[in-house]
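S.K.: My structure is below; once you've seen it, I'll send some questions.
The values are calculated or read from the model by the stated rules, or taken from the named source; none is laboratory data. Every value quoted in this text rests on a predicted model; they were computed, and no experiment measured them. Positions of Cβ are generated from backbone atoms using ideal geometry, with glycine treated the same way; all protein chains shown enter the neighbour counts.
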Amino acid sequence: MIRALLWILSGILLGGIVHLSTVLAMPQAARQDAYSRLEPLTPVNTMVPLPAPTADGAIMPFMDPAFAQAVCRYDLGGGSIKLMAPVSQAYTSVTFYTRKSVAYYAINDRAAGRRTIELDLMTPEQHAEVPEDEDVTAADRLIIESPSTRGLIVLRALAPEPGLMPMARRALAAAKCQIQAVQ
């Protein structure tokens, strides 16, 4: 009886280890992650509006049809990036992801407190090279450090009613994601 119970407990423990290791390995083994899906559709360091999801399909899974979305596939190898995004009438958010789809920073229009979300995205090395200027405070210049040189910036604008979707799309169309000129 004890021997059978020991075999059952060993089987459960081994099954748990296999399950946990499989779950942890899946993100690394996935070939159709967000970056790979968007690579053929989006040029580097350019904000591109995504088409609205339909009942037949969407570019990305779980896209909310109440949001207009735009994506910037960035590469910080050529320098830091300046992101400028006007906020929409209802709600606007910006989320930053690494190449492996790990979210590392997010901000919305209410946290930005302005009519435009403006920030600089750079690696820690690029941030260390930025000269310290007494005239520029942290409130004037928001600097985000990216843990990787490549990744995604996802901009979302809410259209609380279907008739307001053109307004949300116009706000996204005015957004810019480009390499910052060296000063």
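S.K.: Select from region 1-48 the residues that are of a type in the set (Ser, Thr, Tyr) and touching a residue at least 60 places away in the same chain (Cβ under 8 Å) and list them in ascending order.
M.R.: Answer for region 1-48, where residues must be of a type in the set (Ser, Thr, Tyr) and touching a residue at least 60 places away in the same chain (Cβ under 8 Å): Tyr35, Thr46.
S.K.: If I go through region 29-60 residue by residue, how many of them are touching a helix residue (DSSP H, G or I) at 6+ places or on another chain (Cβ under 9 Å) and either closer than 15 Å to Arg156 by Cβ or charged (D, E, K, R) (or both)?
M.R.: 8
S.K.: Quick check on this structure: which one of Leu158, Leu142, Leu172 is within 23 Å of Arg110 (Cβ to Cβ), surrounded by 14 or more Cβ atoms within 10 Å (Cβ to Cβ) and at pLDDT below 90? Lay out the reasoning, then the answer.
M.R.: Details: Leu158 fails: at pLDDT below 90; Leu172 fails: at pLDDT below 90.
Exactly one residue qualifies, and that residue is Leu142.
S.K.: Among Ala70, Ala106, Ala85, which is hydrophobic (A, V, I, L, M, F, W, C), assigned by TED's automatic domain parsing to the domain that holds Ile153, surrounded by 10 or more Cβ atoms within 10 Å (Cβ to Cβ) and without any contact (Cβ under 8 Å) to a residue 40 or more places away in the chain?
M.R.: Details: Ala70 fails: without any contact (Cβ under 8 Å) to a residue 40 or more places away in the chain; Ala85 fails: without any contact (Cβ under 8 Å) to a residue 40 or more places away in the chain.
Among Ala70, Ala106, Ala85, only Ala106 is hydrophobic (A, V, I, L, M, F, W, C), assigned by TED's automatic domain parsing to the domain that holds Ile153, surrounded by 10 or more Cβ atoms within 10 Å (Cβ to Cβ) and without any contact (Cβ under 8 Å) to a residue 40 or more places away in the chain.
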